[in-house]
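Here's the structure we're looking at; comments come further down.
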């Protein structure tokens, strides 16, 4: 191991102060909502699923606001928040697959993108102890992804052409976002550690 590479204090990263914050509790809440969203979409009324998705989205916005406003941003939260987001998005899209088979395209792209992003971010974190935050392109992709999901839930008879356009746009943005995050992660990895 490079002697200049800083050692990670894992105990500090998973300390009570890092984990027990209001924004993190909201992220945990979003994780708890996932099975209820799927159950209401598949078994119950899809509009209940939509209501839970909106609730999940609101908590996502609120936790980010609270974290920044009240200085509760933590490295643990920076990691937990995108996990809650991606799991929610991915599981919902898998559920949509039963009614919209072409949804497999963004599902596969997301799986590859997140696997690559996790690997590169972990390497960068081990070397620099810097946790990458969400960038504008990631946020834009998330907004359009949720718009695509909501549209397919409220419009089950959506024309194939419209559905295809949604899927194509979101999939393209995912690929672009993946490339940009990869470039940022590689730059972090190549960055010389500060003395």
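Where a number appears in this text, it was derived from the coordinates with a stated rule and is not lab data. Quantities reported herein were computed from a predicted structural model and do not represent experimental measurements. No Cβ is skipped: glycine too gets one built from the backbone with ideal geometry, and neighbour counts run over all protein chains shown.
Figures for the structure shown
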item: 126, 16 arranged by Cβ crowding within 10 Å, fewest neighbours leading; result: 16, 126
item: Euclidean distance of C-alpha centroids, region 111-154 and region 27-51, integer Å; result: 21 Å
item: Nitroxide proxy distance, nm - points 7 Å out along Cα→Cβ at residue 122 and residue 168; result: 3.6 nm
item: Pairwise FRET efficiency - residue 179 versus residue 15, Cβ, R0 = 41 Å, nearest 0.05; result: 0.75
item: Stretch gain in nm, segment residue 161-residue 61, where the contour uses 0.36 nm per residue and the Cα spacing is subtracted; result: 32.9 nm
item: Relative contact order of the chain, pairs being alpha-carbon contacts under 8 Å that are 6 or more residues apart, as %; result: 27 percent
item: For 127, 139, order by how many other beta-carbon atoms lie within 10 Å, fewest first; result: 139, 127
item: Max mean-square fluctuation residue, GNM over the chain, Cα-Cα springs under 10 Å, options 92, 22, 83; result: 22
item: For 157, 114, 45, 135, order by how many other beta-carbon atoms lie within 10 Å, fewest first; result: 157, 45, 135, 114
item: Spin-label model distance (nm) - residue 130 vs residue 112, 7 Å beyond Cα toward Cβ; result: 2.8 nm
item: Surface/4 estimate of mean projected area, convex hull on alpha-carbon atoms of region 10-190, nm²; result: 10.2 nm²
item: 222 nm mean residue ellipticity, helices alone, for the chain (DSSP H n ≥ 4; -39,500 (n - 2.57); rounded to 500); result: -26000 deg cm²/dmol
item: Computed E for residue 151/residue 31 - FRET, C-beta separation, R0 22 angstrom, nearest 0.05; result: 0.35
item: Among 165, 58, 43: highest mean-square fluctuation, GNM of the chain, C-alpha pairs under 10 Å; result: 43
